[in-house]
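Working notes for the structure below.
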Amino acid sequence: MTVSGAAYELVYGAAAAVYAFLLLLLLLSKSGGATRALLAGGCAGTAIWAAGALTGLTSDGTAPGIFIDVARAVLWCGLLIHLLRRLSGKRRDLGILSGALIIVAALTVAAGFAVGPAAPRVAALGCLAIAICGVFLADNLYRATAPEGRWHVNLLFVGIGGMFACDVVFAADALLFGQFSTVLAAGRPIVAIVAAPLLALAAARNRDWAIDIHVSRDAVYHTGSLIVSGLFLLGLAAIGEAVRVIGPEWGALAEIALIAGGAIGVGLSLTSGSARSRLRHLLVDHFFSHRYDYRKEWLRCIETLSARPDERLAESRIVRALAAVTDSPGGQLWTRDPAAAAFHWSASWNLPAAIGAEPADSAFVAGFRGGDWVVEIDRAAVRPEWLAAIAGAWLAVPLTRHGRMLGFAVLLAPRAPFRLDREVFDLLRIVGQQAAAHVVERQHARAMLETESLREFGKRFAFAVHDMKNVASQLAMIVQNAARVGDDPEFHRDVLVTVEASLAAVNGLIGRLRPGSAPAPRALCTPFDIVSEEIAAIARTRGARIALQDDSCRTAAAIDGELLRGVIAHLCDNAIEASAGPVTVCVGHDRGRALIDITDSGAGMTAEFVRDRLFLPFGSTKESGLGIGAYQARELIRSAGGDLLVHSRPGGGTTMRIVLPAVAQPADPPLLSPA
């Protein structure tokens, strides 16, 4: 069977024109980046291949023809490898495949230029291997795409996969019969022409080529799909054979055109959500006693509900899990808090947000019969206003936990007719109960977050009250000393300094109580300077004797100076109250840490007291104390990356050691030892 020269030139000329036009559109486009460039390369290779065959410069089986054909196939494979590499991140595996593809292409071209009886078969074998690789890559790109994202790749898969499938038949025929078939050669540009609009639409759909990867397949579904597709293609082949008998000259091309068009139609049908849904239910209803594989359904449900955390998608996953049971394309989730009296919109999937509320005692909610009944919207006695705004609302599924209804999901009608029966309702109720557990988890997480915020605010408020008590103590000392030395000018200066410091402290405390206020940054300060200044202020206002010692190393520490002042003031006040004699403060360093020891000669503390009561909030042993000072001091030091240590024994005094991270490692040996 042969093809006339006019028909041969017509199909190749049309293919060259179509891909030249598509290449021009891609070159004029400004989006797509590397993907657009590779797609343009594939179109350019196809246009050159078709134009060369049209002019007779690159006939099939000749060395130039094999070179151009291999280059065209490698360019399309390069596009598929680029998409898989960009989307899956498996650079190593795809790199090995790319290297193997290049080696096979080089050997194929070399065989085309070689002279010998085995050279044509080697070239045909290489072309077959490259075509099979192209089919493999196209199939992997489609299979690895999540069902909701296949809209982006179905046209690309059908177009490029169809061209490579035709190449497989062409190369296999040449390898089997030892020569290239002119009929199949004339059919290849027809397949390329049919695939061109699909590639153009794929490029228009995927301006950023953002496709998510997810592996999911059902063997029975695919087997049935292949059987139906095969029967369809056989029918088209029979029609083509009839046309061939009627018109021998054009019959072969008509047969190829029908098969190519039928293959494209099958591909579009199988990548269509509606067609896949119809086929899936057709197979399930006729080949299985149960409509669902419950093991897979349960695993799918858990996987959907427990997917990678994303605050924007967390609750919409509940809708997706329920919608997957009935192939529903979208829905809304309505939930209520434990203390709420109405259900409110919580999330949507492929639907806009909703405004409104549904009272828990409404007639619509009563239709759920306490959470044991799936409501068919068309049969609902009452349709709330917000529900009437959802076009295509089909089912309302309750979310029940321990006999209490926590919410419900409204699902859209599926694209294909879906028969509702007891098995469907039972599975929906089971998935709804599992989804309710995730609703409870989300509510508990929000409650814990609110509790943590309130706890943090309560801690800051307790710290502020304690610091205000210290400010009040300073002001009380001014009032007490005013009667005795009120006429002393130096006392007036001290009063002014103390009042200014107290005002700044109060303003700082108020600022820390504001919502969203950030903790003090870890600014750099020199502990010795802070200690010496604070001791001077305490001695001036309290009249206490405090001995200051240091190891002459001015190590810088990473802590806010004002926080350190407050801690030093509190610990020194406690030491003064506990000690009848002088208080000693030592500033030093040890292995990259700044150390501040505050030692008194008081009665000391037992180990049990230090362990159980010293840092216990609101457990003060003083009549006027709040019991928050030691706890606050330790928390502030720990927030700076340090710690507050205690060395004490009954009758031997107490040393409170502040340990802070130093900026640099000092070279001097340590001079301080624990008390």
> Quick one: if you stick a label point 7 Å off each Cα along the C-beta vector at F425 and R369, how many nm between them?
Replying inline: 0.6 nm
> Counting only residues 5 or more places away or on other chains, whose amide H sits under 5 Å from the amide H of A360 once H atoms are built in the peptide plane?
Replying inline: A342, F343
> Going by the alpha-carbon gyration tensor, a ≥ b ≥ c the square roots of its eigenvalues, is the stretch 304-444 rounded (a/c under 1.5) or, if a/c is not under 1.5, prolate (a/b greater than b/c) versus oblate?
Replying inline: rounded
> So if R0 is 22 Å, what FRET efficiency would A342 and Q443 give, r being the distance between their Cβ atoms, rounded to the nearest 0.05?
Replying inline: 0.90
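What accessible area per residue, rounded to a whole number of Å², is obtained for the stretch 301-398 using a probe radius of 1.4 Å? Kindly include the intermediate steps, with their values, before the conclusion.
Working: 4880 Å² over 98 residues.
Ligands and nucleic acids excluded, the figure is 50 Å² per residue.
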> So if R0 is 51 Å, what FRET efficiency would L524 and N350 give, r being the distance between their Cβ atoms, rounded to the nearest 0.05?
Replying inline: 0.45
> Using the Karplus equation 6.51 cos²θ - 1.76 cosθ + 1.60 (θ = phi - 60°), what ³J(HN,Hα) coupling, rounded to whole Hz, does each residue of the stretch 349-356 give in order, writing x for Gly and Pro?
Replying inline: 10, 6, 9, x, 5, 10, 10, x
>> Can you compute the modelled spin-label distance between I103 and Y294, with each label point 7 Å from Cα toward Cβ, in nm?
In response: 5.1 nm
> Mind listing the phi-derived Karplus ³J(HN,Hα) values for the stretch 366-372, rounded to whole Hz, using 6.51, -1.76 and 1.60 with θ = phi - 60°, and x for any glycine or proline?
Replying inline: 4, x, 6, 6, x, x, 9
>> List the residues, sorted by chain then number, that are 5 or more residues from D560 or on another chain and whose placed amide H is less than 5 Å from its amide H.
In response: A523
> Ordered by residue, what ³J(HN,Hα) values in Hz, to whole numbers, does the stretch 157-170 give under the Karplus form 6.51 cos²θ - 1.76 cosθ + 1.60, where θ = phi - 60° and Gly and Pro are x?
Replying inline: 4, 5, x, 5, x, x, 5, 5, 4, 5, 5, 4, 5, 5
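The values are calculated or read from the model by the stated rules, or taken from the named source; none is laboratory data. Quick caveat: nothing in here was measured; it's all calculated off a predicted structure. Positions of Cβ are backbone-derived with ideal geometry, glycine not excepted, and every protein chain shown enters the neighbour counts. The area values use the complete protein model at the heavy-atom level, side chains included, leaving out ligands, DNA and RNA. Shrake-Rupley method; radii C 1.70, N 1.55, O 1.52, S 1.80 Å.
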